[in-house]
Amino acid sequence: MKSNIWIAIFAIIMSLSIIMPVRAELTNLSREFSDALITNDTKKMNLIVMANNSEIPSEVESILKAARVSGISEEDKYALFHMGEKMARLYMDSSGERGLLKDVKRNRFESKLGKLVEPKSKAGIYTVKIPMSDHKGPSYTFKPDNLQIKKGESVVWVNEDNHSHVFASMAVIGDGGIFAPSIEPGGSWKYQFKRSGEYFYICFIHKGMIGKVTVK
Ligand SMILES: [Cu+2]
């Protein structure tokens, strides 16, 4: 019984320490919402969103803007995206409008990507490597994970790792199309992009293994 109380106190302190640092820059509406989020008071969060429905889209946009500021700590970024996503989800539930939540998810995805790589080569075929994962712990990645190419060009994913990888683009936040079969160690898979768009892709096996191809 006693240990349960300590676990609860610890959980509250942890969530406070996640959300507190960015509170200073929040509007009253967001502060009220973050209070409800800290205590996981869904009813209150819902009431706040419903009472301020017309203001929610601009509120979420300003949360995203704060999360995109360079130099912000990972904890603050996480807290802001977490709050923005929660607010946008409740907004979708009450208004039926899906665009806002999609926007948060895209921003959140993009915040985890590396710098955009625009190859200059005229080959029309670009390589994304899946390097050998780290022995000290899983570090499954795509290199580069943020690539921009032109319509009609192709990307070859080369698996230099000793694990298989299966990935696909998420039509929920971008364009569908990529659907890699299981790429065995030493194997590769080529895909030609016939349509322009933004392809956000994830590996089904390894959480956090993500990438994006932008086709102009
Ligand atoms: Cu994987």
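Quick notes
- For the range 121-167, a residue qualifies if it is buried (at least 17 other Cβ atoms within 10 Å of the Cβ), away from the ligand (no atom under 11 Å from the Cβ) and of a type in the set (A, V, I, L, M), and the qualifying residues are 128, 147, 149, 155, 158.
- Some residue of the range 205-216 being at pLDDT 95 or above, within 16 Å of the ligand (Cβ to nearest atom) and among the charged types (D, E, K, R): yes
- Flag for residue 174 being outside any strand (DSSP E or B), closer than 13 Å to residue 211 by Cα and small (Gly, Ala, Ser): yes
- Filtered by the rule that a residue be within 14 Å of the ligand (Cβ to nearest atom), in contact (Cβ under 8 Å) with a residue 24 or more places away in the chain and within 30 Å of residue 99 (Cβ to Cβ), the range 168-193 gives 168, 178.
- Which numbered condition residue 202 fails, given (1) farther than 21 Å from residue 64 by Cβ; (2) within 12 Å of the ligand (Cβ to nearest atom); (3) not in a loop (DSSP other than H, G, I, E, B): (1)
The values are calculated or read from the model by the stated rules, or taken from the named source; none is laboratory data. Not measured: the values here are computed from a predicted model. Ideal geometry is used to build each Cβ from the backbone, glycine not excepted, and the neighbour counts take in all protein chains shown.
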